[in-house]
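Notes for the one structure printed next.
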Amino acid sequence: MPQPLDQVIASGQVWQGQSNAAQQPRQAVIDSGFAALNDALPAHGWQSGQVCEIYGHAGPLTGNGEVSLILPALAQLSQQPRWILWVGSPNLDTHNGRMRLQPQAAALQQAGIDVRRVLLVHPKDEQQAMWCLEEGLKSGHCSAVLGWPQRLHKAHIRRLQLACAHHQSYCWLWPQSAFDPSGSPAAVRLGIQRQSASAVEIECYKRRGQWPGHPFTLDLNRSHTERSQHDKNPWHRQLGDNSKTTRLQ
């Protein structure tokens with residue numbers, strides 16, 4: 001049975017271009033570091049107060065350039081007196097079992113990120129991960145929240161989007177589930193696929209206020225933010241699955 005229109009709007013599944021425009025908080029925009037990506041994003045850069053979902057074309061992302069896409073932005077955000085919160089970094093399937101990927105402090109530093117502002121959270125389960133993501137955004141103490149949730153529901157995304165918009169933070173998610181074409185309350189939804197060691201293909205599935213975009217190739221070495229070649233894969237592998245919170249040093 002079809003839902004009433006007011007319920008659909010309230011659930012965040014419909015973008016209203018002129019809805020309370022004068023009452024919306026002014027959004028900050030930071031340079032993505034890549035000219036081609038800036039051209040594809042609605043405000044020619046990453047906008048605060050917006051959740052961005054990033055999907056792999058062939059399935060969940062693990063080390064396919066997904067974090068390199070936002071390293072220049074994180075370098076700028078790390079200069080703020082707020083935390084960059086990493087929640088539930090992804091697991092990598094190997095012949096010896098599953099291995100957790102952890103960010104490399106040296107690679108992040110080479111990308112210009114002040115690692116003293118990076119806080120790592122290793123939740124025990126998916127429920128705890130979603131709680132950490134939401135509370136991180138609601139706290140107002142995080143300039144950005146990054147997450148690799150195993151499952152995403154529209155109600156979860158709606159709550160994250162509201163918290164993100166309220167505190168004008170940044171939120172990037174790499175869902176470990178398949179892309180849902182039925183829609184999402186997230187403001188931006190991207191697809192990414194590794195083409196070579198230094199290039200990825202990007203497709204804009206959703207960008208609030210604009211039509212979806214055509215795929216384009218992004219050269220990760222052509223960021224106009226100075227970075228070392230070492231940061232192409234800012235992960236290292238770590239065994240174990242203990243729940244804890246740590247600072248990256």
For this session: Hey, can you tell me all the residues within region 52-110 that are in contact with a helix residue (DSSP H, G or I) (Cβ under 6 Å, 6 or more places away or on another chain), modelled with pLDDT of 95 or more and assigned to a loop (DSSP other than H, G, I, E, B)?
Result: S78
Exercise. Looking only at region 111-147, which residues are part of a loop (DSSP other than H, G, I, E, B), under 15 Å from P81 (Cα atoms) and of a type in the set (A, V, I, L, M)?
Worked result: I113
For this session: Could you pull out the residue among A155, A197 that is more than 14 Å from C52 (Cβ to Cβ) and modelled with pLDDT under 85?
Result: A197
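Restricting region 144-170 to residues that are among the small types (G, A, S) and crowded, with 22+ Cβ neighbours inside 10 Å, which is farthest from the chain's Cα centre (by Cα)? Show your work before the answer.
Going through region 144-170, the residues among the small types (G, A, S) turn out to be 144, 147, 155, 163, 165, 169.
After this cut, where a residue has to be crowded, with 22+ Cβ neighbours inside 10 Å as well, the list is 144, 147, 163, 169.
Values: A144: 9, G147: 7, A163: 15, S169: 11 Å.
Top of the filtered list is A163.
The values are calculated or read from the model by the stated rules, or taken from the named source; none is laboratory data. None of these values were measured; they are calculated from a predicted model. Note that we place each Cβ from the backbone using ideal geometry, even for glycine, and neighbour counts take in every protein chain shown.
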